[in-house]
Amino acid sequence: MDEKLQKVLARYGLGSRRALEEWIAAGRVSVNGKIAKLGDRVDANAQLLVDGKALQIPAWSQGRLRILRYHKPAGEICSRRDPEGRPSVFDRLPRLRASRWVSIGRLDLNSEGLLLLTNDGDLANRLMHPRYGLQREYAVRVLGRLSDEQIEQLLSGVELEDGPAKFLQIEDAGGEGANRWYHVTLEEGRNREVRRLFSALNLAVSRLIRVRYGPIEMPRHLKSGYFEELPEEERAALFAQIDWQEQPDLPANRRPGQPIGAARRRRMPPRQ
């Protein structure tokens, strides 16, 4: 069975289908020795070159779509390479054959909590796209209690350097002493948006934890630095929100008797 070229490339985590269509149009991809064009379809035996480098399509390229739930600790970046040599979330993840992990949204260096990752770049792009309106919920610790006026301003809209922004919901989650916790909900994921919204009102965020992405929550059992496969029922809930049809797995891509999407918690060895 053949598939659209950009869909196959997206499965390798190389980018969204739209971005890969631009690669194809720019002549960066060749199929069986010929420069690819938009509309080309390939099968499992196709020989691909991306920027002149071979990309082999194994027979099991239709294998199981994977989604991980990772409890990101503070101090890790969401990029693969860093000139400063800081630890990356990708350092802790299991290795994939012929594909790579793509983060679904990001968390900044000092933020913690729920991070979803997949081996399908096209799925990652859809889950981040504003048109599907997947909400992000954060637990935020600030110095002092928000006034009614500040809450109203954060809900009605604040002008940031890249345009207006606002929270959909703000819930007081209590606190001790001068610190106060709030749960806030957004329907988009602009860079450092939560911190910038509070900063616009001269409020300093001392801790930021993402606790939900769409229908997926951070469970209590998943400790910081651990990851697990997303269970089947949660995968289904996630796909339902973005109208995603998952293709069936190939039996060759999993061990006999291994359930599809079985939740497995694991932590990579601690860094020295």
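The values are calculated or read from the model by the stated rules, or taken from the named source; none is laboratory data. Bear in mind the structure is a predicted one, so any value in this text is a computation, not a measurement. Methodologically, a virtual Cβ is constructed for each residue, glycine included, from the backbone with ideal geometry; neighbour enumeration extends over all protein chains shown. Calculation scope for accessible area: heavy atoms of the full protein, side chains included, ligands and nucleic acids excluded. Shrake-Rupley method; radii C 1.70, N 1.55, O 1.52, S 1.80 Å.
Quick notes on this structure:
- For peptides 227-236, 165-174, sequence by mean Cβ density within 10 Å, most packed first: 227-236, 165-174
- Under the simplified labelling scheme, the ARG220-ALA178 pair shows an inter-label distance of 3.2 nm, with each label point 7 Å from Cα along Cα→Cβ.
- Full extension of the chain segment joining GLU159 with ILE35 gains 40.0 nm, where the gain is 0.36 nm per residue of separation less the Cα-Cα distance.
- You can think of it this way: the chain between GLU149 and ARG28 has 38.2 nm of extra reach, that is 0.36 nm per residue less the Cα-Cα gap.
- Cα-based Rg / Dmax (Å) for the range 1-55: 9.7, 26
- Accessible area of SER199 (1.4 Å probe, protein heavy atoms only, ligands and nucleic acids ignored): about 70 Å².
- Per-residue [θ]222 nm for the chain (sum of -39500 (n - 2.57) over DSSP H runs n ≥ 4, rounded to 500): -5500 deg cm²/dmol
- Accessible area of LYS72 (1.4 Å probe, protein heavy atoms only, ligands and nucleic acids ignored): about 0 Å².
- Compactness of the chain as Cα Rg over 2.2 N^0.38 Å, two decimals: 1.12
- Area accessible to solvent at GLU22, 1.4 Å probe radius, in Å²: 120 Å²
- A Gaussian network model of the chain, with springs between Cα atoms under 10 Å, assigns the largest mean-square fluctuation among GLU152, GLU217, GLU176 to GLU176.
- Within the chain, percent of DSSP bridges classed antiparallel, to nearest 5: 95 percent
- Loop trypsin sites (Lys or Arg not before Pro), the range 59-156, which have at most 11 other Cβ atoms in a 10 Å radius of their Cβ (DSSP): ARG81, ARG95, ARG97
- In this simple spin-label approximation, ALA204 and ALA237 carry label points 7 Å from Cα along the Cα→Cβ vector, and these lie 3.7 nm apart.
- Stretched out straight at 0.36 nm per residue, the stretch from ALA74 to ALA19 would grow longer than its current Cα-Cα span by 16.8 nm.
- Once the mean of 1/r is taken over each pair of separate Cα atoms and inverted, the range 18-151 shows a Kirkwood hydrodynamic radius of 18.0 Å.
- By accessible area with a 1.4 Å probe, ligands and nucleic acids excluded, highest first: order of HIS221, HIS129: HIS221, HIS129
- Of the three principal axes defined by the Cα atoms of the range 108-225, the extents in descending order read 43, 35, 23 Å.
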